[in-house]
Amino acid sequence: MDVPKLLEAASLLVPEETATENDITVRDVWPYLVADEWEVALGLLEELGEARPLPPDFWDTLGEAAGQLLMGRSAAWCHWRSYEAEHGVVRADLTLRPTGEYRRQTPFSGAGVLRPMWDLGHRTPTGEPVVDIAALWAEFTHSLGPGDRATVRLAPLDPARWRHVLPGRVITMHEDRTVAGTAVVREVRPPFGADAEWPDSPPGEP
């Protein structure tokens, strides 16, 4: 499917009453599609996706369009949002430890490349910690390094193991056995179309 058709398909998944803080609606997208200003149209559709929860198909379609337009970071962001729409949103305020306090000495990409381990409080029967993997996307910055702070979005490898994690919870990030950073969870949202709240924990979890 070519870019205009992909953008048109995505726009049809946006309810007409959806509006951004600047009162942009899906009707404002159509003139840019007609004028072949596809990057502008894609940007407006991304904004509409921030205004209300939209299904994974919306984000997957935008991601495919962004990929065809060679907008690599935008494509990665749309596919990230598709994962969130399917599995839920976890946002946290992360503070990384300074240089010398853990093994990393150089910045890493904030665009969902790093998949660190997180201590959520799970323990083995003998009391040993069991860490869980979640990719990390840093908001409003392209990279993070030792000592940096940022609001991050987390994409768990096993989302069910995160359902007991609520706003205000403190979790620790690890790239090895040492603590790489500390995060305070600020927002948890269920998948698109799910109930307003998750259960405190999935079956079989503490």
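The table that follows gives values for the structure above.
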quantity: Largest-first ordering by accessible area, 1.4 Å probe, given options Met173, Met71; calculated: Met71, Met173
quantity: Solvent exposure ordering (accessible area, 1.4 Å, most first) of Phe192, Phe140; calculated: Phe140, Phe192
quantity: Label-point gap, in nm, between Arg103 and Glu187 - each point 7 angstrom along Cα→Cβ; calculated: 3.3 nm
quantity: Gaussian network model of the chain, Cα within-10 Å springs - most flexible of Gly121, Gly88, Gly110; calculated: Gly121
quantity: Whole-angstrom Cα spans of segment 30-86 along principal axes, big to small; calculated: 33, 23, 14
quantity: Additional length obtainable on full extension of the chain from Ile24 to Glu139, 0.36 nm per residue less Cα span; calculated: 39.2 nm
quantity: Geometric extent, Cα atoms of segment 76-136 - Rg, Dmax (angstrom); calculated: 14.4, 41
quantity: Gln68 versus Arg115: modelled label distance in nm, points set 7 Å from Cα along the beta carbon direction; calculated: 2.9 nm
quantity: Between segment 42-99 and segment 114-135, the alpha-carbon center distance in angstrom; calculated: 25 Å
quantity: Which of Leu7, Leu114 is most accessible, then next, and so on - probe 1.4 Å; calculated: Leu114, Leu7
quantity: Glu8 paired with Asp36, simple spin-label distance in nm, labels 7 Å along Cα-to-beta-carbon; calculated: 1.5 nm
quantity: Expected-Rg normalisation [2.2 N^0.38 Å, Cα atoms] applied to segment 1-118; calculated: 1.25
quantity: In range of the label at Met1: residues from segment 11-49 whose backbone nitrogen is under 13 Å from the point 7 Å along Cα→Cβ; calculated: 11-14
quantity: GNM flexibility winner over the chain from Glu64, Glu17, Glu84 (Cα, springs under 10 Å); calculated: Glu17
quantity: Most fluctuating residue given options Glu21, Glu86, Glu187, as computed from a GNM of the chain linking Cα atoms under 10 Å; calculated: Glu21
quantity: The chain - Debye-derived log10 I(q)/I(0), Cα point model, q = 0.11, 0.13 Å⁻¹; calculated: -0.58, -0.78
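The values are calculated or read from the model by the stated rules, or taken from the named source; none is laboratory data. What you see is a predicted model, and the numbers here were worked out from it, not measured in a lab. Here Cβ is always computed from backbone atoms with ideal geometry, including for glycine, and neighbour counts include all displayed protein chains. The accessibility values were calculated without ligands, DNA or RNA, using every heavy atom of the protein model including side chains. Shrake-Rupley method; radii C 1.70, N 1.55, O 1.52, S 1.80 Å.
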